[in-house]
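Below you'll find the structure, written out as structure tokens, and then a few comments.
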Number of protein chains: 2
Amino acid sequence: MTAVTTRCCAPIAREPLSESDAAELAVMLKAVADPVRLRLLSMIGSHAGGEACVCDLTGAFDLTAPTISHHLKTLRTAGLIDGERRGTWVYYRIVPEAVNKLGALFTPLAGPVDLELASA
Amino acid sequence: MTAVTTRCCAPIAREPLSESDAAELAVMLKAVADPVRLRLLSMIGSHAGGEACVCDLTGAFDLTAPTISHHLKTLRTAGLIDGERRGTWVYYRIVPEAVNKLGALFTPLAGPVDLELASA
DNA sequence: GTACTACTTAGACAAACTTCGAATTATGAG
DNA sequence: CTCATAATTCGAAGTTTGTCTAAGTAGTAC
């Protein structure tokens, strides 16, 4: 919960990340460090209504449904998306706090940033 | 080179990433999606003078020199750091443009952002 | 109930990744 | 030149990851 107030540069370049912070962030980054998952995240986030059902996503890839499902689970486990079943379909949406957290890590001049909860 | 001017949300949630953009970004993200490399990047960026020699880094990890060297190469290949030999030591520094590019991807309200070159 | 669709789970396998120890290159000191 | 130090390159071992097929769960319609 270190509220950094300097604004010289991106938080990652302000002071050495602790071992535990690095481990935690790496989990989120690993989830996003894949072309398919990046596109899935992007497609979900930019879809009308801020949510997309799996059926909206699978068609864009040359991959089987189980593979897409696996990637969605990875994103979900990392806290980047959240899913909900409504009738026949399962809808996913972005968790903005998680995405903001990643952005804040690498963004300079973001002002006073709290690494734990970059949402306010 | 799509200059997005809307500011509803993070670029990643504005419009679906193209396959090639996703592939390119995933390379950079993969480099950063590891606890050791995250800490290396952070240690280099926050070191006095904006640069650190390998000898400043190895001590912080329970890893052998070849392993650290391997991770530094990964970061370098991804364009996130740059290295230079001066005498006996090799000094690494952050490439700010690369870090900014990652930050811009996930940061909302960043204003008009050019995905290809988020530096200005 | 059966049949059909949407999605997830389980198991298997190849490719990629992390790490190591050993050998190698590069530089400086005597 | 020889020796010592800093760092990288080179295989190899063990682990993780991405993808598939096959099977299972959840819901709708009849």
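The values are calculated or read from the model by the stated rules, or taken from the named source; none is laboratory data. Computed from a predicted structure; not experimentally measured. We place every Cβ from the backbone using ideal geometry, glycine too, and count neighbours over all the protein chains shown. The accessibility values were calculated without ligands, DNA or RNA, using every heavy atom of the protein model including side chains. Shrake-Rupley method; radii C 1.70, N 1.55, O 1.52, S 1.80 Å.
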Q.
Let me check against my output: what whole-number percent is the relative contact order of region B:16-114, with C-alpha pairs under 8 Å and at least 6 apart?
A. 28 percent
Q. Could you give, in nm with one decimal, how far residue A:95 is from each other copy of that position, shortest first, with labels 7 Å out from Cα toward Cβ?
A. 3.2
Q) Can you give the Kirkwood hydrodynamic radius for region B:1-106, in Å, rounded to one decimal and based on Cα pairs? A) 15.1 Å
Q | Karplus (6.51, -1.76, 1.60) ³J(HN,Hα), θ = phi - 60°, over region A:85-99, in Hz, Gly and Pro reported as x | A | 8, 9, x, 6, 9, 10, 9, 10, 9, 6, 9, x, 4, 5, 5
Q: Please list, or write none, the aspartates and glutamates whose alpha carbon is within less than 14 Å of the alpha carbon of residue A:101, excluding same-chain residues fewer than 8 places away.
A: A:21, A:24, A:114, A:116
Q) What translational diffusion coefficient, in µm²/s and rounded to a whole number, does the Stokes-Einstein relation yield for region A:45-113 at 37 °C and a viscosity of 0.692 mPa s, taking the hydrodynamic radius as the Kirkwood radius over Cα pairs? A) 244 µm²/s
Q: Convert each backbone phi in region A:22-33 into a coupling constant with the Karplus relation 6.51 cos²θ - 1.76 cosθ + 1.60 (shift: θ = phi - 60°), then list the ³J(HN,Hα) values in order as whole Hz, x for Gly and Pro.
A: 4, 5, 5, 5, 4, 4, 5, 5, 4, 5, 9, 8
Q: First measure r as the distance between the Cβ atoms of residue B:55 and residue B:20, then evaluate 1/(1 + (r/R0)^6) with R0 = 41 Å and state the FRET efficiency to the nearest 0.05.
A: 0.60
(Q) Within 10 Å of each Cβ in B:90-103, how many Cβ atoms from other chains are there, averaged over the peptide? (A) 3
Q) Residues with amide H under 5 Å of residue B:81's amide H, sequence separation 5 or more or different chain, H placed in the peptide plane at 1.01 Å from N; which? A) B:76, B:95
Q) If you wrap region A:29-83's Cα atoms in a convex hull and average its projection over all directions, what's the area in nm²? A) 3.4 nm²
Q. How would B:72, B:63 rank on accessible area, largest to smallest, probe 1.4 Å?
A. B:63, B:72
Q. Rounded to the nearest 10 Å², what accessible area does residue B:55 show when all protein chains are kept and the probe is 1.4 Å?
A. 80 Å²
**Q.** Inter-copy separations for residue B:27, label at 7 Å along Cα-Cβ, nm, ascending
**A.** 3.0
Q: Would you pull out the residues with amide H under 5 Å of residue B:91's amide H, same chain only if 5 or more places away, H placed 1.01 Å from N?
A: B:84, B:85, B:86
Q: Put a label point 7 Å from Cα along the Cβ direction on residue A:69, then list its distances to the equivalent points in the other copies in nm, shortest first.
A: 4.6
